[in-house]
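Reading through the structure tokens given below for one structure.
The values are calculated or read from the model by the stated rules, or taken from the named source; none is laboratory data. Everything quoted here is computed from the prediction, not taken from an experiment. Cβ placement follows ideal geometry from the backbone for every residue including glycine, while neighbour counts extend to all protein chains displayed. Side chains included, ligands, DNA and RNA excluded: accessible areas come from the protein's heavy atoms. Shrake-Rupley method; radii C 1.70, N 1.55, O 1.52, S 1.80 Å.
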Amino acid sequence: MAASLLILQYVKYERSFDTFHSKANDIYRIQYNGWQNGKLRFECAAAVPAVGPALKNNFPEVKQFTRLYPVSGVVSYETPNHELVSFLENKMQITDPAVFDVFDFKLLKGNEETALLGPNKAVISQKAAKKYFGEADPIGKTIAWNGRRKFEVTGIFEDIPENSHIKFDFMFSYQTLNNETHNDSETAWGWYDFNTYALLQPGTDVKSLQAKWDSYLLKTRGEDWTKTSRRQEFILQPLLEIHLYSNLLQESQPEERGDGDSVYALTIIALFILIIAWVNYINLATAKSFDRANEVGVRKVMGAEKGQLINQFLSESFLVNFLASVFAVILVRLAWPAFSSLSGRAIPLSFMLEKDFWLLVVVLLVVGSVLSGSYPALILSSFKPVTVLKGKVMRTAQGSVLRKSLVVFQFVASVVLISGSIIVYQQLNFMKNQSLGVDINETIVLKGPGVTDSLYTQKVENLRAAALRIAGVKSMTASTNVPGDEIFWASGIKRLVGGPENSISGYTVGIDHDYVQSFNLKLAAGRSFDLQHPNDRKSVVLNRAMAEALDFKDPKMALGEKVIQNDTLEVVGVLENYHQMSLKETVAPLVFRYTPNFSSFFAFKIESKDYHGILASLEEPWQAYFPGNPMDYFFLDKFFNRQYESDRQFGQVFGIFTALAIFIACLGLFGLASFMTIQRTKEIGIRKALGSTSTKIILLLSKGFIQLVLVANLIAWPLAWWIMNSWLQSFPYHIDINPFLFVVAGFGVVTIAFLSVGFQTFKAARVNPADTLKYE
């Protein structure tokens, strides 16, 4: 019960994301699907900015909308003592005032209607207020973003709960962006970086609205789509499904994304654990019922009615379940911190104080009492007094079949869970150890400066020169993205002559002349950017996937060809495909541009284990060339592998509770074997007296149980293959299930069962026959 309660609290937490918004059931995010030449090119969580106004102005079902445009950079505040407090911030959003109408982000100070009205306004979280202003009141004070943009703090909002799919500490007014983009951030249909949420009128028929919205888009945008062989699809995605069921480009918190299949699997395990435990109770209670036959006979002779006996045995079952519930709640409380750490979720302890938790405890108590007590109660109460008092209680075939069926069920579940655990482990291992086509080891990455000036390019080169003088630093490269970092720079590219008629959607990485060598990327043809070619700003490098998308049958055919991407560029190289993101995603078509004046990351390849020494040595040149920018760093391999963290944690939880389910199943088998052995004690004594060996007796008594476990294997193998094969299909790169794995799992279960049963039979077989056969 404790194990099941813990798992179900985890499930509840995963399903609680975004439910703290009072209008959550009526909030929908706009998912953007881009089609080209009849093929789906991408599915994105961020839409174009014009979608929100179009929905609000043309459909009365849409009550309100809001857009959140994610940004990052250095935020600073100059104290009255002229001290500069600055931090590199990644959780910031540019949003419109309607954010408070759509969501329940609680404003503690400031006016919801005016706090984000007009340009250069900022609303900050409690945590940010404490971080920058201490105990002082931030309202009316000025903060700077990247040293250039100044914002007046007009409000403080309550820290966003952990169970929110989107988290941030700063909100900047949307009018600021509109002014800078000359209103493109209000009207553009091609720029898709805006998480757009629509609040619908209560009771809206969403399917009907989606159909009308699709018709509207076709009518107003159809002509442009026809010209470019593109089609835009904007889908109303329920807010409450985002955390568990959405895996799109540009998700707000991709590393914290849940997995609906995993949550479903853990729910099944919780039920398996409970059912296996109840099955144990039923098996042992019915087996033991024959020991209580005389008691039942005497009670019936003394006038007890069948209903009274049923109530007695159900009361006993209730008492056992009640005591189990008490101890389970205590265990849950003690194990809560360890389980939260294991699952990787900060599950609030307050869940134990909510009525849902106690209602669940009561439900498990009642259901457990009824399920585990009903059958034994009916069996015991049906004994006939005359028969049982003569010692002639018959063991019915139906009772034997039920016990055998329940044992088979337990071990079907065990084999499925063992097979599943092994396959989950193998898939995670495969993804982590598969060749990525890029070297992410021994790499320290510094996040690029937010505060820069016109000498940025020269300062980057000065930092490179200083870094290469540090012992243990092999190379440095500057780029807009590093492996494992999602690329947001998206634009179309097409060949100047030949190739597809319309441009191909692709993602662009800005790199310098050392990027390809530093990350050990392989060239399929041509060259990378080079300082010996001063005109490389007019050049471009493609990956093989993009070259094929542009109809270059061979990478060499692309060399020297001209392509158009906002400018006319010459293809100078083609890189072999590598995994920019995890193996949970397919390789995307990529374009590489030479951008020495623009980078977000500095990656240092190192040859020394003295990481702290190297970082300390980098501190001085960093402060010299980029003052006012905090030095923030990470290790690239850990950064890349964070994409597998939720899968790893699921594997841990799955494995531990699988082991627990198997242990509980073996406890039942152990107890059942123990009882059956006691009942056959005299038989064992007679067999030994007639010359049978201990080994033969062990095999004889174990045979029946082992046969049941073998039957369980035959049922479990196809079931486990179907379940796990369906799970693997969700990964574009996955292992093939080895049939031998099921044999291993089955052999493991047979071995465990044999040890469980064999221990009891071995003890019985070692007893002196003279002791077992005497009756006085």
Inset, instruction - Only residues that are aromatic (Phe, Trp, Tyr) and either at pLDDT below 95 or under 23 Å from Pro254 (Cα atoms) (or both): list them for the range 171-188, please. - result: Phe172
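Among the candidates Trp727, Trp722, which residue alone is out of contact with any helix residue (DSSP H, G or I) (no Cβ under 9 Å at 6 or more places or on another chain) and under 26 Å from Ala661 (Cα atoms)? Walk me through how you get there before you give the answer.
Numbers: Trp727 fails: out of contact with any helix residue (DSSP H, G or I) (no Cβ under 9 Å at 6 or more places or on another chain).
Criteria check complete, one pass: Trp722.
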Inset, instruction - Just need a number here: residues in the range 327-339 that are touching a residue at least 40 places away in the same chain (Cβ under 8 Å) and open to solvent by less than 80 Å² (accessible area, probe 1.4 Å). - result: 6
Inset, instruction - Within the range 71-102, work out how many residues are outside any strand (DSSP E or B) and either under 16 Å from Pro119 (Cα atoms) or at pLDDT below 95 (or both). - result: 9
Inset, instruction - Among the residues of the range 240-259, count how many are at pLDDT below 90 and in contact with an Asp or Glu (Cβ under 8 Å, 6 or more places away or on another chain). - result: 6
Inset, instruction - Please give the number of the condition Arg230 fails out of (1) buried (at least 21 other Cβ atoms within 10 Å of the Cβ); (2) in contact with a Phe, Trp or Tyr (Cβ under 9 Å, 6 or more places away or on another chain). - result: (1)
Legend entry - Count of the range 130-175 residues which are in contact with a His (Cβ under 9 Å, 6 or more places away or on another chain) and of a type in the set (Ser, Thr, Tyr): 1
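Restricting to the range 180-220, and then to whatever is among the acidic types (Asp, Glu) and assigned to a loop (DSSP other than H, G, I, E, B), can you tell me which residue is least open to solvent (accessible area, probe 1.4 Å)? Working first, answer last.
Taking the range 180-220 as the starting set, the residues that turn out to be among the acidic types (Asp, Glu) are 180, 184, 186, 193, 205, 214.
Okay, now just the ones that are also assigned to a loop (DSSP other than H, G, I, E, B), so 193, 205.
Values: Asp193: 30, Asp205: 95 Å².
My answer is Asp193.
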Inset, instruction - Taking only the range 37-66 into account, find how many residues are in a strand (DSSP E or B), more than 25 Å from the chain's Cα centre (by Cα) and at pLDDT 95 or above. - result: 5
Legend entry - Failed item in (1) within 25 Å of Val279 (Cβ to Cβ); (2) surrounded by 15 or more Cβ atoms within 10 Å (Cβ to Cβ); (3) basic (Lys, Arg), with Lys763 passing the rest: (2)
Inset, instruction - Can you confirm whether the range 637-652 contains a residue that is basic (Lys, Arg), modelled with pLDDT under 80 and surrounded by fewer than 19 Cβ atoms within 10 Å (Cβ to Cβ)? - result: no
Inset, instruction - Please verify whether the range 169-176 includes one or more residues that are open to solvent by 50 Å² or more (accessible area, probe 1.4 Å), over 28 Å from Tyr507 (Cβ atoms) and part of a helix (DSSP H, G or I). - result: yes
Legend entry - Residue check for Ala115: hydrophobic (A, V, I, L, M, F, W, C), over 32 Å from the mean Cα position of the chain (by Cα) and not in a strand (DSSP E or B): yes
Legend entry - Glu113 open to solvent by 10 Å² or more (accessible area, probe 1.4 Å), in contact (Cβ under 8 Å) with a residue 60 or more places away in the chain and closer than 24 Å to Ala54 by Cβ: no
Inset, instruction - For residues that are surrounded by 19 or more Cβ atoms within 10 Å (Cβ to Cβ) and closer than 26 Å to Phe411 by Cβ, scanning just the range 291-323, find the one that is modelled with the highest pLDDT. - result: Asn321
Legend entry - Filter result (open to solvent by less than 70 Å² (accessible area, probe 1.4 Å) and more than 15 Å from Lys459 (Cβ to Cβ)) within the range 601-615: Phe601, Ala603, Phe604, Lys605, Ile606, Ser608, Tyr611, Gly613, Ile614, Leu615
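I need the full set of residues from the range 571-596 which are touching a strand residue (DSSP E or B) at 6+ places or on another chain (Cβ under 7 Å) and more than 15 Å from Lys538 (Cα to Cα), in order please.
Kept after step one, since they are touching a strand residue (DSSP E or B) at 6+ places or on another chain (Cβ under 7 Å), are these residues of the range 571-596: 571-577, 580, 588-595.
Matches in the range 571-596: Val574, Leu575, Glu576, Asn577, Gln580, Ala588, Pro589, Leu590.
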Legend entry - Output for the range 128-161, where each listed residue is touching an Asp or Glu at 6+ places or on another chain (Cβ under 9 Å), over 24 Å from Ala98 (Cβ atoms) and open to solvent by 50 Å² or more (accessible area, probe 1.4 Å): Lys131, Lys141, Thr142
Inset, instruction - Search the range 461-474 for residues that are open to solvent by less than 80 Å² (accessible area, probe 1.4 Å) and pair each with any residue that is in a helix (DSSP H, G or I) and among the small types (Gly, Ala, Ser) when their beta-carbon atoms are under 7 Å apart and the residues are at least 6 apart or on different chains. - result: Ile470/Ser617; Val473/Ala467
Inset, instruction - Looking only at the range 597-610, decide whether some residue is touching a residue at least 12 places away in the same chain (Cβ under 8 Å) and in a helix (DSSP H, G or I). - result: no
Inset, instruction - List every residue pair whose Cβ atoms lie under 6 Å apart, where the two residues are 6 or more positions apart in sequence or sit on different chains, the first residue falls within the range 303-326 and is closer than 17 Å to Tyr375 by Cβ, and the second residue, located anywhere, is assigned to a helix (DSSP H, G or I) and modelled with pLDDT of 80 or more. - result: Ser317/Ser369; Phe318/Ser369; Asn321/Leu365; Asn321/Gly368; Asn321/Ser369
Inset, instruction - Starting from the range 1-28, take each residue that is modelled with pLDDT of 95 or more and list its partners that are crowded, with 20+ Cβ neighbours inside 10 Å and aromatic (Phe, Trp, Tyr), counting only C-beta distances under 8 angstrom and pairs at least six apart or across chains. - result: His21/Phe103; Ile27/Phe103; Ile27/Tyr197; Tyr28/Tyr197
Legend entry - Residue count for the range 432-458, restricted to those that are at pLDDT 90 or above, farther than 30 Å from Arg148 by Cβ and touching a Phe, Trp or Tyr at 6+ places or on another chain (Cβ under 8 Å): 6
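Just checking, which of Leu719, Leu728 is at pLDDT 80 or above, under 24 Å from Ile269 (Cβ atoms) and open to solvent by 30 Å² or more (accessible area, probe 1.4 Å)?
Values: Leu728 fails: open to solvent by 30 Å² or more (accessible area, probe 1.4 Å).
That would be Leu719, the only listed residue that is at pLDDT 80 or above, under 24 Å from Ile269 (Cβ atoms) and open to solvent by 30 Å² or more (accessible area, probe 1.4 Å).
Output the strands (runs of 3 or more DSSP E) that fall wholly within the range 502-592 and possess 2 or more residues being surrounded by fewer than 17 Cβ atoms within 10 Å (Cβ to Cβ), or say none. Show your work before the answer.
Details: elements: 504-511, 523-526, 539-543, 562-564, 568-575.
Those strands (runs of 3 or more DSSP E) span 562-564, 568-575.
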Legend entry - Which numbered condition Asp261 misses (of (1) in contact with a helix residue (DSSP H, G or I) (Cβ under 9 Å, 6 or more places away or on another chain); (2) open to solvent by less than 40 Å² (accessible area, probe 1.4 Å); (3) touching a residue at least 40 places away in the same chain (Cβ under 8 Å)): (2)
Inset, instruction - Scan the range 12-57 residue by residue and report those that are surrounded by fewer than 16 Cβ atoms within 10 Å (Cβ to Cβ) and either touching a helix residue (DSSP H, G or I) at 6+ places or on another chain (Cβ under 6 Å) or among the hydrophobic types (A, V, I, L, M, F, W, C) (or both). - result: Phe20, Ala24, Leu40
Inset, instruction - Please find, within the range 58-91, the residue that is nearest to Lys150 (Cα to Cα) out of those that are open to solvent by 60 Å² or more (accessible area, probe 1.4 Å) and among the basic types (Lys, Arg). - result: Lys91
